[in-house]
Amino acid sequence: LATAATALALTTTATTAFAACDAGEMVIKFSHVTNGDKHPKGIAAQLFADRVDEEMDGTACVEVYPNSTLYNDDQVLEAMLQGDVQMAAPSLSKFETFTKVFGLFDLPFMFKNMPAVDEFQNSEAGQAMKSSMERRGLTGLEFWHSGMKQFSANKPLILPEDARGLKFRVQPSDVLVAQMQALGASPQPMAFSEVYGALQTGVVDGQENTWSNTYGQKFFEVQDGITETNHGVLDYLVVTSSDWWDGLEPEVRDQLQTIMHEVTVERNAAVEEVEAESRQAILEAGGEIRELTDEQRQAWVDVMKPVWAQFEDGVGADNIALAQEINA
Ligand code: LMR
């Protein structure tokens with residue numbers, strides 16, 4: 001009986017997770033690190049999977065692994081080059097060992113909001129960035145949006161000097177390291193899946209992230225509060241191995257590309273709503289959100305914006321100029 005129950009449990013798990021993969025279909029593993037639902041990336045990945053499963057039935061199916069269940073972002077790109085996973089959507093902060101251009105999106109106060117990010121990415125310069133890693137074997141398919149980043153810490157952050165001396169978890173990006181150093185804080189690069197524990201145990205004092213991640217990973221529960229700085233951008237690149245992608249039958253590749261593009265347009269248009277729902281959910285769960293006056297926010301701008309100059313060569317002065325033109 002125990003064996004039968006175990007077998008049933010295993011079957012149920014397998015059936016629930018990947019109900020649509022039939023024998024003979026090409027399996028596309030899509031690995032990511034955030035929540036699977038109520039999150040811009042989780043929703044988009046699942047919509048892509050559902051549409052492939054339905055519209056390419058018999059040919060291909062997608063297995064989505066959310067919440068770092070398959071890989072952390074620091075492992076996934078190597079795994080992709082080995083052919084162990086076919087798709088992922090790491091944040092643009094996580095490609096630094098492959099290209100410097102995405103540092104543009106990490107520069108503090110570079111984009112005023114997500115529509116400005118969208119406009120930049122849809123420009124010729126933005127679209128060209130998707131192929132910036134071809135020589136390293138990675139093909140960018142689409143940019144997926146999440147939202148603007150906010151700071152949180154184990155004490156109130158109102159002015160930049162409040163961050164001085166605190167340890168902040170950052171994504172593995174030299175730009176984000178420099179941003180925290182500009183504040184006199186101590187940056188600690190760390191995998192996303194480790195952040196909650198590090199905040200809870202005091203290994204770090206604070207972090208920066210979107211409303212959807214701060215809510216979805218429950219960071220707000222182990223922080224004093226969140227300060228609405230909107231100081232940076234969290235955006236993703238859906239990426240695949242160039243070898244795998246180029247080796248697909250042309251009609252299969254075209255169909256995957258069309259579905260991916262339609263999902264991108266649909267879900268990118270909805271991210272502000274998803275982020276706002278997470279912001280509201282934090283308030284409803286008793287989280288503290290601090291808004292800044294224009295003068296207080298300007299103090300953060302004055303301290304952080306000088307890091308742009310350090311990274312101009314890597315990200316391109318033309319790209320900075322275009323981003324600023326779009327913001328205007
Ligand atoms: C992070 O590491 O904070 C984010 O890149 C996680 C994500 O994918 O949203």
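List of remarks:
- Pairs where the first residue, in region 152-167, is under 19 Å from Q200 (Cβ atoms) and modelled with pLDDT of 95 or more and the second is part of a strand (DSSP E or B) and β-branched (V, I, T), C-beta under 6 Å, 6+ apart: S152/I226; L157/T227
- Residue list for region 28-46, filter: under 17 Å from the mean Cα position of the chain (by Cα) and either over 20 Å from M80 (Cβ atoms) or surrounded by fewer than 21 Cβ atoms within 10 Å (Cβ to Cβ) (or both): N35, G36, D37, K38, H39, P40, I43, Q46
- All positions within region 182-212 that are in contact (Cβ under 8 Å) with a residue 40 or more places away in the chain and either farther than 18 Å from P156 by Cα or touching an Asp or Glu at 6+ places or on another chain (Cβ under 7 Å) (or both): A182, A191, F192, S193, T210, W211, S212
- Selection of region 153-187 for residues being of a type in the set (G, A, S) and out of contact with any helix residue (DSSP H, G or I) (no Cβ under 6 Å at 6 or more places or on another chain) yields A153, A163, G165, G184, S186.
- Those helices (runs of 4 or more DSSP H) of region 54-129 in which at least 1 residues are under 30 Å from F151 (Cβ atoms) and within 16 Å of the ligand (Cβ to nearest atom), considering only elements entirely within it, cover 73-81, 103-106, 114-122.
- Hits in region 270-290 - residues which are under 24 Å from the mean Cα position of the chain (by Cα) and within 27 Å of A185 (Cβ to Cβ): E275, S278, R279, I282, L283, A285, G287, E288, I289, R290
Condition check ((1) among the charged types (D, E, K, R); (2) surrounded by fewer than 23 Cβ atoms within 10 Å (Cβ to Cβ); (3) within 22 Å of G42 (Cβ to Cβ); (4) within 14 Å of the ligand (Cβ to nearest atom)) across all residues:
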position: D162; (1), (2), (3), (4): yes, yes, no, no
position: K167; (1), (2), (3), (4): yes, yes, no, no
position: P172; (1), (2), (3), (4): no, yes, yes, yes
position: V175; (1), (2), (3), (4): no, no, no, yes
position: A191; (1), (2), (3), (4): no, yes, yes, yes
position: T201; (1), (2), (3), (4): no, yes, no, no
position: T227; (1), (2), (3), (4): no, no, no, no
position: V238; (1), (2), (3), (4): no, no, yes, yes
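The values are calculated or read from the model by the stated rules, or taken from the named source; none is laboratory data. Quick caveat: nothing in here was measured; it's all calculated off a predicted structure. Glycine gets a Cβ as well: all are built from the backbone with ideal geometry, and neighbour counts include every protein chain shown.
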